[in-house]
Amino acid sequence: MGTREFKAESKRLLDLMINSIYTNKEIFLRELVSNASDAIDKLYYKSLTDSNIKISKDDLKIQIDINKEGRTITITDNGIGMTEKELETNLGTIAKSGSLSFKEENEKKEDIDIIGQFGVGFYSAFMVSKEVQVYSKAYGEEKAYCWKSKGVEGYEIEECEKEDVGTKIILYLKDDTEEENYSTFLDDYTIKNIIRKYSDYIRVPIKMEVEHQRPKETLNDSDEKKTEYETYKENETLNSMIPIWKKNKSDIKKEEYNSFYTDKFGDFEEPAKVIHTSMEGNVSYNALLFIPSRMPYDYYTKEFEKGLQLYSNGVLIMDKCSDLLPDYFSFVKGLVDSQDLSLNISREMLQHDRQLKIIAKSIEKKIKSELENMLKLNREEYEKFFKNFGNQLKFGIYNDYGINKDNLQDLILFYSSTEKKLVTLSEYVGRMKERQDKIYYAAGESVDKIDMLPQVEGVKDKGYEILYLTDDIDEFVIQVIFNYQQKQFANVCANNLDLDSKEEKEELQKVNEENKDMFEIMKEAISEVQSVRFTHKLKNHPVCLTSEGAISVEMEKTLNAMPNNQNIKAQTVLEINESHPIAEKIKDLYNTNKEELKKYSKILYNGARLIEGLNIENPTEFSNMICDIISK
Ligand code: ADP
C-alpha cells in the first residue's frame with residue numbers, strides 16, 4: 001500500500017513537532033502513556049458490560065522496552081487497540097481542529113503554547129523520533145495493522161502480525177545533535193524519572209525491564225570467598241499507582257499536581273490554585289480541586305458543564321457530578337473520592353444522596369475559604385482570579401434573589417476612584433468618611449468613561465471614594481446586596497444623591513422654584529425626561545442626565561442589550577449647572593425667545609445623553625441644530 005498524506009492541519013502540526021525547539025521534549029512519554037492508559041480503561045469499561053470480554057484486572061499493564069543498540073523505545077499496552085480505520089482517522093488527522101488557527105493567531109508564542117494547549121498527544125512522539133511505528137489490534141478484530149511514518153511526507157498503513165489485542169508503539173529515536181541529546185531517553189534512569197514525574201498516578205502498572213546488580217559470593221582459585229556483583233533484569237513497576245489525591249500532600253511536588261491537572265482536565269496552563277483537602281468523620285472524602293488560571297473558552301456557552309469527577313474508593317463513578325458544585329463556583333475543576341458512596345448509584349439517586357449533599361457543602365466551604373485566603377494573602381493572584389471568574393461570583397450574588405449574597409459579597413471587587421485599583425466592599429466601608437452614610441458608586445462602560453461623567457467629578461471633589469461599576473451585571477448586584485454593613489448604596493448619577501448642606505439645598509430649591517415656568521417650557525421640547533432643573537453638583541460641566549427610581553441609565557443600556565428586551569427606559573432628569581454661563585443663557589432665552597429655548601433644550605438634552613453613552617433619537621436634527629448655531 002502506498003504512502004498516504006496527512007491532512008493539511010496535521011501536517012503542519014507534525015512539522016511543528018519535528019522541528020520543535022520545545023525544551024520539554026520528555027513529555028512525549030507522558031502523552032503516549034496517557035493514551036495507553038486510556039485505551040486500557042476503555043477496554044476495561046467495556047468488559048464491565050460485555051461478559052464476552054474476559055480480562056482480569058491484574059493482566060492490564062503498559063510495558064516500556066528500551067533497545068539501546070537499536071535506539072528504540074517501545075510502549076506496549078493491552079488496551080482496546082485500533083482498527084485500520086481508527087489508525088487512519090486517529091493518527092492521520094488531528095482531532096483538535098482549530099489548534100493551528102490558534103497557533104497562527106499567536107505566532108510569536110512559538111510552539112510552547114500549542115503543545116501544552118492541545119495536548120497534541122500522539123504527535124509529540126515526533127519531537128524525539130525520526131520514525132514512529134504503531135502496531136495495533138483492536139478488540140474483536142481478526143487482523144492487526146501497522147501505521148508507520150517518518151514525518152511530514154506521509155504515513156503507511158498495512159496489515160501486520162500481532163497476536164494480542166492492544167497497541168505497540170515503536171519510536172526510532174533521532175540522532176543526537178549538538179543541542180539535543182536524544183540518547184538520554186535510552187537510559188533506564190531517565191525513563192523512570194519521567195514516569196514518576198508525570199505518570200505516577202496512572203492506575204495500571206507501567207513496567208520496564210530494569211537492570212539491577214546483586215552481590216554474589218563465589219570462591220576464587222584458592223577457595224576463598226569473594227563477593228562479585230552480577231547484573232540481573234527485573235520487570236519493575238515504575239509508577240506507584242496511588243492516585244495522587246490519596247497521597248500525602250507533603251510527598252507531592254507542584255509539578256505532579258500541575259501535570260495531573262493539565263492531563264486530566266484539558267487545560268494547557270498550570271492551575272492558579274490547587275486545593276488538596278480531605279474530611280474525616282461521618283462522611284469522609286478526599287478532594288483535589290483546581291482553580292484554572294484562565295477562563296475556559298467555552299465557559300459562557302451552553303456546552304460548558306460544571307462538575308467534579310466523582311470516585312468511590314478510587315473508582316470513577318461519574319465524570320461531571322454537577323451537584324458537587326454550586327453554580328457560582330462552576331469554574332472549579334477536580335475530583336472527589338469518597339468511600340461512603342455506593343458504586344452503583346444512579347444519577348437520580350445521587351441527587352438525593354445525603355452523603356453527597358454533605359460533601360458538596362463541605363467542598364463549597366473549602367473553596368470559599370481558599371478564595372478568602374487568596375484575597376487576604378495574595379492580592380495579585382486574587383485579582384487575576386477575579387478577572388477570570390469574578391463575574392461568576394457576581395452572578396451568584398444576583399441569582400436566586402440574593403439568597404447567597406452573604407456568602408459571596410466579600411469576595412467581589414470594584415475599582416475605586418481614590419485607590420485606583422480594585423477594592424472590596426469591606427475596605428471601602430473601612431475608609432468611609434466620618435459623616436458618610438452611603439457607599440457611592442457610578443456605572444459605565446469603563447473606568448475612563450466613568451471618570452469623564454460630570455456627576456462623578458462633583459462627588460470626587462467632595463472627597464468621597466466612588467466605586468466604578470464597569471460590568472453590565474454590577475449594578476444589578478449592588479441592588480441585590482442592597483446594603484452592606486448597614487450602609488446603603490448610592491448611585492452618583494441618581495438625582496436623589498444628597499451631598500449638599502441644608503442651606504445649599506434650600507438655596508437650590510429656591511432657584512428651581514423661581515425658574516419653574518422656564519423648565520416647563522423646556523420639558524415641552526424634551527418630553528422624554530421627567531423634569532428639568534438646576535443643579536450645583538456639576539462643578540465645571542454644563543449638563544448631566546440623572547436617573548430617578550430603580551432603573552439607572554446604565555441598567556437601561558444593559559436591559560435593552562438583552563435578546564428579548566422590553567425597551568425599558570430609565571426615568572431621567574436633565575440637570576443644568578446653575579453656575580455655568582449656560583444657565584444665564586437659557587434664562588435669557590426664556591424671556592426673549594421661547595422657540596429658541598426649546599431648540600436649545602433639545603441640544604442640551606441630546607448632549608447629556610451622549611455623555612451617558614446613550615444614543616440620540618434624531619442625530620441629523622441634532623447636528624443641524626448645532627450647525628445652525630455655529631453659522632450664526
Ligand atoms: P488524544 O489522546 O488527546 O485524543 P492523541 O493524538 O494522543 O489525542 O490520540 C488520538 C487518538 O488516537 C486517541 O483519541 C485514541 O483514540 C487513539 N489512540 C492513541 N493512542 C492509542 C492507544 N495506545 N490505543 C488505542 N487508541 C489510541
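The values are calculated or read from the model by the stated rules, or taken from the named source; none is laboratory data. These numbers were taken from a predicted model, which means no experiment stands behind them. Ideal geometry is used to build each Cβ from the backbone, glycine not excepted, and the neighbour counts take in all protein chains shown. Keep in mind that these areas ignore ligands, DNA and RNA; they rest on the heavy atoms of the full protein, side chains included. Shrake-Rupley method; radii C 1.70, N 1.55, O 1.52, S 1.80 Å.
Note down the magnitude of the dipole of the chain about its Cα centre, charges +1 on Lys and Arg C-beta and -1 on Asp and Glu C-beta and zero elsewhere, to the nearest 20 debye.
Here the chain has a charge dipole of around 1200 debye.
With all protein chains present and a 1.4 Å probe, how do ILE66, ILE169 order by accessible area, largest first?
Result, largest first: ILE66, ILE169.
Quick one: helix 619-631 against the long Cα principal axis of the chain, what's the angle to the nearest 10°, folded into 0 to 90?
Long axis of 619-631 versus the principal axis of the chain: about 50 degrees.
Sequence neighbours fewer than 8 away in the same chain don't count; with that in mind, list the aspartates and glutamates whose C-alpha is under 12 Å from LYS487.
Result set, ordered by chain and number: ASP437.
Take the Cα atoms of segment 502-631, find their three principal axes, and give me the spread along each one in whole Å, biggest first.
46, 44, 25
Excluding residues on the same chain fewer than 8 positions from LYS225, give the lysines whose Cα lies under 16 Å from its Cα.
Straight-distance partners of LYS225: LYS216.
Give me the one-decimal nm value for the distance between modelled label points at MET432 and ASP400, 7 Å along each residue's Cα-to-Cβ direction.
Here the modelled spin labels are 2.8 nm apart.
Sorted by accessible area (1.4 Å probe), largest first, how do GLU141, GLU256 line up?
GLU141, GLU256
How large is the helix-only mean residue ellipticity at 222 nm for the chain, computed as the sum of -39500 (n - 2.57) over DSSP H runs with n ≥ 4, divided by its residue count, in deg cm²/dmol to the nearest 500?
-11500 deg cm²/dmol
Regarding segment 412-491, what are the three Cα extents along the principal axes, ordered largest first, in Å?
29, 27, 19
Under the rule that a partner needs its Cβ under 4.7 Å from the first Cβ, which Cys of the chain have none?
When partners are defined as cysteine Cβ atoms under 4.7 Å apart, the chain leaves CYS321, CYS493, CYS544, CYS627 without one.
For ASN615 and GLU372, what does the FRET efficiency come to when R0 = 45 Å and r is the distance between their Cβ atoms, rounded to the nearest 0.05?
0.60
What FRET efficiency do you get for ASP298 and ASN496 if R0 is 41 Å and r is their Cβ-Cβ distance, rounded to the nearest 0.05?
0.45
Label points 7 Å out from Cα along the Cβ direction at ASP588 and THR3: separation in nm?
If labels sit at ASP588 and THR3, their model points lie 8.7 nm apart.
Give me the number: length gained by fully extending ILE630 to THR23, i.e. 0.36 nm times residue separation minus the C-alpha to C-alpha distance, one decimal in nm.
211.9 nm
Which order do TYR189, TYR468 take when ranked by solvent-accessible area (1.4 Å probe, heavy atoms of all protein chains), largest first?
I get TYR189, TYR468, largest accessible area first.
Considering only protein heavy atoms, what is the solvent-accessible area of LYS585 at a probe of 1.4 Å, reported in Å² to the nearest 10?
Accessible area of LYS585: about 90 Å².
So how much accessible area does GLU156 have, in Å² to the nearest 10, using a 1.4 Å probe?
Accessible area of GLU156: about 70 Å².
I need the calculated FRET efficiency for the pair LYS539 and ARG379, taking r as the beta carbon distance and R₀ as 41 Å, to the nearest 0.05.
0.80
Take peptides 428-439, 201-212 and line them up by average Cβ neighbours within 10 Å, highest first, as a rough protection proxy.
Descending packing order for the listed peptides: 201-212, 428-439.
Please say if segment 423-548 is rounded, prolate or oblate, where rounded means a/c under 1.5 for a ≥ b ≥ c the square roots of the C-alpha gyration tensor eigenvalues, and otherwise the choice is prolate for a/b larger than b/c and oblate otherwise?
Since a/c reaches 1.5 and a/b is larger than b/c, the shape of segment 423-548 is classed as prolate.
Within segment 244-379, what percent of beta bridges assigned by DSSP are antiparallel, to the nearest 5?
Taking every DSSP beta bridge with both residues in segment 244-379, the antiparallel ones total about 85 percent.
Work out the length of the dipole vector of segment 502-631 about its Cα centre, built from +1 on the beta-carbon of each Lys and Arg and -1 on the beta-carbon of each Asp and Glu, and round it to the nearest 20 debye.
Result for segment 502-631 is approximately 200 debye, rounded to the nearest 20.
Given the pairs LYS42/LYS302; LYS302/LYS420; LYS11/LYS57; LYS25/LYS366; LYS394/LYS420; LYS42/LYS320, which span a C-alpha to C-alpha distance of over 29 angstrom in this model?
LYS302/LYS420; LYS11/LYS57; LYS25/LYS366
Would you list, by chain and number, the lysines whose Cα falls below 17 Å from the Cα of LYS587, excluding same-chain residues fewer than 8 positions away?
In chain and number order, the partners are LYS510, LYS516, LYS523, LYS598, LYS599, LYS602.
Could you list, in their original order, any pairs among LYS333/LYS365; LYS249/LYS387; LYS197/LYS249 whose Cα atoms are separated by more than 18 Å?
Check vs 18 Å cut-off fails for LYS249/LYS387.
Heads up, I need the accessible area for ASP400: 1.4 angstrom probe, whole protein in place, Å², nearest 10.
In the full protein context, ASP400 sits at about 100 Å².
Where both partners of a DSSP beta bridge lie in segment 502-631, what percent of those bridges are antiparallel, to the nearest 5?
Approximately 55 percent, going by the DSSP bridge assignments.
How much of the DSSP beta bridge set in the chain is antiparallel, as a percent to the nearest 5?
Roughly 80 percent of the beta bridges in the chain run antiparallel, per DSSP.
If only Cα atoms are counted, what is the Rg of the chain, and what is its Dmax, in Å?
34.6, 135
If you take the charge dipole of the chain about its Cα centre, with +1 on Lys and Arg Cβ and -1 on Asp and Glu Cβ, which of PHE304, GLY2, MET562 is farthest toward its positive end?
Going by the Cα projections, it comes out as MET562.
Could I have the simple spin-label model distance between ILE473 and ASP448, label points 7 Å from Cα toward Cβ, reported in nm to one decimal?
Computed distance between label sites ILE473 and ASP448 equals 2.6 nm.
Report the local net charge at ILE582: Lys and Arg +1, Asp and Glu -1, summed over other residues whose C-beta lies under 13 Å from its C-beta.
Net charge in that neighbourhood comes out at -2.
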